[in-house]
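The values are calculated or read from the model by the stated rules, or taken from the named source; none is laboratory data. Bear in mind the structure is a predicted one, so any value in this text is a computation, not a measurement. Note that each Cβ is placed from the backbone with ideal geometry, even for glycine, and that neighbours are counted across all protein chains shown.
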Amino acid sequence: MVTVTPSKGFQPVLERIAEEIGRTPGHGRPADYIPALAACDPRRFGMAVAEPDGTVYGVGDWRQPFSAQSVTKVFTLALDLAREGDALWEHVGREPSGNPFNSLVQLEYENGIPRNPFINAGALVVTDRLHTRTGDAAGELIAFLRAESGNPGLTFDREVAASEAAHGDRNAALAHFMASYGNIDNPVPVLLDQYVRQCSVAASCADLALATGFLARHGVRADGTRLLSRSQAKQVNAVMLTCGTYDAAGEFAYRVGLPGKSGVGGGIIAVVPGRCTLCVWGPGLDERGNSVSGVAALDRFTTLTGLSVF
Ligand code: DON
């Protein structure tokens, strides 16, 4: 466990960033392919930083729950990796895809093995494997998030899950296609139900910054028990850096310089290993599905603090 330097903490830098972001509000558009997300106000903005000892700083809408969506893919990856270890990598790769998060094109060339665990195809494989091992992948996820955030009220948003389920043809196509290669164990409808529930988790910046803490603590959970080996925590951080923001991962690494994972609800989590974890929320997305104000805020954070992996 890394020693946290007592100081005024991150509050002043967060307030400065929120003030800067507030000068140009409302860039980008909320996701509309999941209708329940389309009504989000793109001017909302929240940001939280959690230190490894659980101290949290926040600004703006940092306590407001929002739809975590693909941010949850980090947690299901960690939960499955903790159980099956390297065997997982026979079923999903760890290379950037350079394609949109819901793309089908590489799957046929690559025999139903998705490029990485953060594109939808890869996340479906991870959730499928976690479900086989636990009997309740979404339940494992929510229990983990509640424990790490210290928020027992954290839960699924049934409306968002139903909305995505009703518009889930593309994920269904991905899952059926991979099943045809033998890379999905569970019946596809069971897997899709688990997956949309996983994506529908409603959590705040404070919740998600805290829940990501195990990646700053090199694999150690909030209660001091170990989820991942130090090496596995490094691997998850590395895959976040190279694949966490999809076909914008190069630009994200260039601007922010941290492992990060975005979701179409407008959230992004990021890790400064050994030092802190962050979560930022702004529902306006760019054309690649990443929060415009979220990337801008993380860019300012690493610039102002000098905290980056580079
Ligand atoms: O499966 C989907 O399309 C959504 N539930 C999650 C996608 C997502 O968050 C991509 N992230 N930027």
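Summary of computed values
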read-out: Long-range neighbours under 7 Å by Cβ, at least six apart or interchain, first residue more than 15 Å from Val264 (Cα to Cα) within the stretch 19-43, second among the polar types (S, T, N, Q) and within 16 Å of the ligand (Cβ to nearest atom); value: Ile21/Ser293
read-out: Test: Val188 is more than 18 Å from Val271 (Cβ to Cβ), surrounded by 17 or more Cβ atoms within 10 Å (Cβ to Cβ), touching a residue at least 60 places away in the same chain (Cβ under 8 Å) and within 16 Å of the ligand (Cβ to nearest atom); value: no
read-out: Given (1) over 18 Å from the mean Cα position of the chain (by Cα); (2) without any contact (Cβ under 8 Å) to a residue 60 or more places away in the chain, index of the condition Val126 fails; value: (1)
read-out: Selection count where residues are buried (at least 24 other Cβ atoms within 10 Å of the Cβ) and assigned to a strand (DSSP E or B), scope the stretch 260-293; value: 16
read-out: Exclusive hit being more than 24 Å from Trp89 (Cβ to Cβ) and not basic (Lys, Arg), set Val220, Val196, Val190, Val236; value: Val196
read-out: Count of the stretch 24-75 residues which are β-branched (Val, Ile, Thr), closer than 20 Å to Ala147 by Cα and either touching a Lys or Arg at 6+ places or on another chain (Cβ under 8 Å) or within 12 Å of the ligand (Cβ to nearest atom) (or both); value: 3
read-out: Checking Gly263 against (1) modelled with pLDDT under 95; (2) touching a Lys or Arg at 6+ places or on another chain (Cβ under 9 Å), the condition it does not meet; value: (1)
read-out: Hits in the stretch 51-93 (condition: β-branched (Val, Ile, Thr) and over 13 Å from the mean Cα position of the chain (by Cα)); value: Thr55, Val56, Val59, Val92
read-out: Whichever residue in the stretch 134-165 is out of contact with any Ser or Thr (no Cβ under 6 Å at 6 or more places or on another chain) and not in a helix (DSSP H, G or I) and, among such residues, is nearest to Gly213 (Cα to Cα); value: Gly150
read-out: Candidates Asp247, Asp185, filtered to the one that is of a type outside the set (Lys, Arg), touching a Ser or Thr at 6+ places or on another chain (Cβ under 9 Å), within 24 Å of Glu108 (Cβ to Cβ) and not in a helix (DSSP H, G or I); value: Asp185
read-out: Ala222 being surrounded by 23 or more Cβ atoms within 10 Å (Cβ to Cβ) and either over 26 Å from Ala121 (Cα atoms) or at pLDDT 95 or above (or both); value: no
read-out: Close pairs (8 angstrom Cβ cut-off, 6 or more residues apart or separate chains): within 15 Å of Asn290 (Cα to Cα) in the stretch 61-73, among the polar types (S, T, N, Q) and more than 12 Å from the ligand (Cβ to nearest atom) anywhere; value: Phe66/Ser204
read-out: Options Ala202, Ala161; residue that is closer than 30 Å to Gly58 by Cβ, of a type in the set (A, V, I, L, M, F, W, C), within 11 Å of the ligand (Cβ to nearest atom) and surrounded by fewer than 24 Cβ atoms within 10 Å (Cβ to Cβ); value: Ala161
